[in-house]
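Structure first, then comments.
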């Protein structure tokens, strides 16, 4: 994949990372009905917030072809988006379920499923041109929300910014030179939610702040 800053349109057939391409072939042989390809961004084409996750999950986006759809991490994400008035449904089950996002778009730092959910640093960098192109195409007033440190670092690299100048921290807000703001949250993964490192209320506050939702209604 391309280096940071390149005008790199999403490539649904990209096989530039040998380890990821081989792993997708292996998974496709076991699950022939799965998407098993790079996963495109999903949501509002003119968002005010871009959410950047890590990578597709084995039985989530890698199966359905839509970020966080059918994935445990997507349970909290889409439910919270719905509660904040940013999604038309509280759950995302399949790419054809009719769910729509309002003012929000979702993507991943790495577009292909990595073994053990852990892309290498080289794979994350190789995919960075796609993220850079996605960010460059956003409306000027669109802010960014990174779910986890890897997504945070990938977003900064896509913008050509020094990582040391913007350290990751849950709930942090980093003003960017272009007038946008990069917000941080712990990833809404099963591990983080089950260990209570990230509670639903913590995530709700971080997402509401990033999306500019003031005085959100209490969750049902």
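Looking at residue 47, is it out of contact with any strand residue (DSSP E or B) (no Cβ under 8 Å at 6 or more places or on another chain) and assigned to a loop (DSSP other than H, G, I, E, B)? Spell out the reasoning first.
Working: out of contact with any strand residue (DSSP E or B) (no Cβ under 8 Å at 6 or more places or on another chain): no; assigned to a loop (DSSP other than H, G, I, E, B): yes.
Taking the combined requirement at face value, the residue does not satisfy it.
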Failed item in (1) in contact with a helix residue (DSSP H, G or I) (Cβ under 7 Å, 6 or more places away or on another chain); (2) more than 21 Å from residue 143 (Cβ to Cβ), with residue 52 passing the rest: (2)
The lone exception for residue 34 - which of (1) buried (at least 22 other Cβ atoms within 10 Å of the Cβ); (2) touching a helix residue (DSSP H, G or I) at 6+ places or on another chain (Cβ under 8 Å); (3) over 21 Å from residue 124 (Cα atoms) it fails: (1)
Those residues of region 71-86 which are in a loop (DSSP other than H, G, I, E, B) and at pLDDT 95 or above, in sequence order: 84, 85, 86
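Hey, among 126, 121, which residue is surrounded by fewer than 17 Cβ atoms within 10 Å (Cβ to Cβ), out of contact with any strand residue (DSSP E or B) (no Cβ under 9 Å at 6 or more places or on another chain) and under 30 Å from residue 34 (Cα atoms)?
Details: 126 fails: surrounded by fewer than 17 Cβ atoms within 10 Å (Cβ to Cβ).
Exactly one of 126, 121 is surrounded by fewer than 17 Cβ atoms within 10 Å (Cβ to Cβ), out of contact with any strand residue (DSSP E or B) (no Cβ under 9 Å at 6 or more places or on another chain) and under 30 Å from residue 34 (Cα atoms), namely 121.
Just to check your reading of the model, which residue among 57, 65, 74, 98 is at positive phi and crowded, with 18+ Cβ neighbours inside 10 Å? Steps first, please.
Working: 57 fails: at positive phi; 74 fails: at positive phi; 98 fails: crowded, with 18+ Cβ neighbours inside 10 Å.
Selected residue: 65, the only one of 57, 65, 74, 98 that is at positive phi and crowded, with 18+ Cβ neighbours inside 10 Å.
Restricting region 136-153 to residues that are in contact (Cβ under 8 Å) with a residue 12 or more places away in the chain and out of contact with any strand residue (DSSP E or B) (no Cβ under 7 Å at 6 or more places or on another chain), which is surrounded by the fewest Cβ atoms within 10 Å (Cβ to Cβ)?
140
Considering each of 91, 41 in turn, give the residue that is within 18 Å of the chain's Cα centre (by Cα), at pLDDT 95 or above and closer than 29 Å to residue 161 by Cα.
Numbers: 91 fails: closer than 29 Å to residue 161 by Cα.
The unique qualifying residue is 41.
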Single residue of region 8-25 satisfying the filter (in contact with a helix residue (DSSP H, G or I) (Cβ under 9 Å, 6 or more places away or on another chain) and not in a loop (DSSP other than H, G, I, E, B)) that is farthest from residue 118 (Cα to Cα): 24
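The values are calculated or read from the model by the stated rules, or taken from the named source; none is laboratory data. None of these values were measured; they are calculated from a predicted model. In this analysis, Cβ positions are derived from the backbone assuming ideal geometry, glycine residues included, and neighbour counts consider all displayed protein chains.
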